[in-house]
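Student: So that we are looking at the same thing, I have put the structure below in structure tokens.
The values are calculated or read from the model by the stated rules, or taken from the named source; none is laboratory data. Remember, predicted model here, so these are calculated numbers, not experimental data. No Cβ is skipped: glycine too gets one built from the backbone with ideal geometry, and neighbour counts run over all protein chains shown.
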Amino acid sequence: MAAIADEYMSVLLMGDKEATAERWKLSEAEVLPSTYESDGSIYLTLCANSRYTYGTLSTSDYTNYNMDVTWEVPDIRGCIDEVLLDENFMYQVTQGWILAADDPDKEVETYALMWNVIMLEACVRIKQGTYTGTVLVTDYFSFHDNGEGKWLCTRIPEFGKYCSKDSYMIRLSYMDPFSIYSMMQKYGTAMVANELITQEKLDEVLEKRKEAILQNEAE
């Protein structure tokens, strides 16, 4: 039974969404929804730096069996939180976003670009081993003894859909509006000190963001 399960898990650990979709009988969108330019790097980092172990084997009729499996994956969101606390790094990556904050269209674009850089940095830290936090995900395989000496896999875990369930990819870059405001204020102030932006412009974009937050809170 473990050998059959390995056929699925070994493909998953490749970090290739096309191969996973084919082996796990899923669409590519179910494996990895299109969210960011860094999608492929995130998926490869998640899978290639993961490992799995099999647990107990259980049965009630000695014909159908369940085998527990635990998938240990990098805590990418935890690493992103670490990156967000790196003031030197964040000062550099927020500049383009803050400078474009007075243009709604450009701000959306530069904010997305900033988050791509942040997530790629998280991937680098995980690959290099400077961040080692992990998350344990548990599920199970089911097998049926066909009575002819052959095991049939009748259920596979939900691991193939890990990145498409529960808004996983979107949650990687989620920040509440107040935290976004604080980030703009903090690094914008540093930019003023280094004469990269005027205090007047910073105050203007901060005031607009505050008004937007208050308006959304009131609705």
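Student: Go through region 130-161 and count every residue that is part of a loop (DSSP other than H, G, I, E, B) and at pLDDT 95 or above. So that I can check it myself, show each step before the final result.
Tutor: We begin by selecting, within region 130-161, every residue part of a loop (DSSP other than H, G, I, E, B); these are 130-133, 146-150, 156-158.
Within this subset, residues satisfying the condition of being at pLDDT 95 or above are 130-133, 156-158.
Of the residues in region 130-161, 7 are part of a loop (DSSP other than H, G, I, E, B) and at pLDDT 95 or above.
Student: Taking the options VAL69, VAL31, name whichever one is of a type in the set (A, V, I, L, M, F, W, C) and in contact with a strand residue (DSSP E or B) (Cβ under 7 Å, 6 or more places away or on another chain).
Tutor: Numbers: VAL31 fails: in contact with a strand residue (DSSP E or B) (Cβ under 7 Å, 6 or more places away or on another chain).
On inspection, the qualifying residue turns out to be VAL69.
Student: Specify which of the listed residues (TYR111, TYR91) is within 21 Å of LEU196 (Cβ to Cβ), part of a helix (DSSP H, G or I), without any contact (Cβ under 8 Å) to a residue 60 or more places away in the chain and aromatic (Phe, Trp, Tyr). Walk me through how you get there before you give the answer.
Tutor: Details: TYR91 fails: without any contact (Cβ under 8 Å) to a residue 60 or more places away in the chain.
Within the list TYR111, TYR91, the selection yields TYR111.
Student: A follow-up question, please. How many residues does region 136-174 contain that are surrounded by fewer than 14 Cβ atoms within 10 Å (Cβ to Cβ) and hydroxyl-bearing (Ser, Thr, Tyr)?
Tutor: 4
Student: From (1) modelled with pLDDT of 95 or more; (2) part of a helix (DSSP H, G or I); (3) not hydrophobic (A, V, I, L, M, F, W, C), pick out the condition that doesn't hold for GLY15.
Tutor: Unmet condition: (2).
Student: A further question follows. Could you list, in sequence order, the residues of region 96-108 that are in contact (Cβ under 8 Å) with a residue 40 or more places away in the chain and surrounded by fewer than 18 Cβ atoms within 10 Å (Cβ to Cβ)?
Tutor: Within region 96-108, just ASP102 meets the criteria.
Student: Are any residues in region 27-57 within 17 Å of ALA5 (Cβ to Cβ), modelled with pLDDT of 95 or more and polar (S, T, N, Q), and if so, which ones?
Tutor: Of everything in region 27-57, those that are within 17 Å of ALA5 (Cβ to Cβ), modelled with pLDDT of 95 or more and polar (S, T, N, Q) turn out to be SER50, THR53.
Student: Please work out which residue is nearest to GLY160 (Cα to Cα), limiting yourself to region 19-48 and to residues that are assigned to a loop (DSSP other than H, G, I, E, B) and of a type in the set (Gly, Ala, Ser).
Tutor: Taking the candidates together, the pick is SER27.
Student: Okay, moving on. Go through (1) under 19 Å from the mean Cα position of the chain (by Cα); (2) under 21 Å from ASP166 (Cα atoms) for MET114 and report which single condition fails.
Tutor: Failed condition: (2).
Student: Return the pair list, or none, for Cβ contacts closer than 8 Å from residues in region 32-45 that are of a type in the set (Val, Ile, Thr) to residues that are in a loop (DSSP other than H, G, I, E, B), at least 6 apart or on different chains.
Tutor: Within 8 Å, the pairs are ILE42/TYR36; ILE42/CYS163; THR45/GLY15.
Student: Here is a further query. Please give the number of the condition ASP81 fails out of (1) outside the structural domain of SER142 (by TED's automatic domain parsing); (2) touching a residue at least 60 places away in the same chain (Cβ under 8 Å).
Tutor: It is condition (2) that ASP81 fails.
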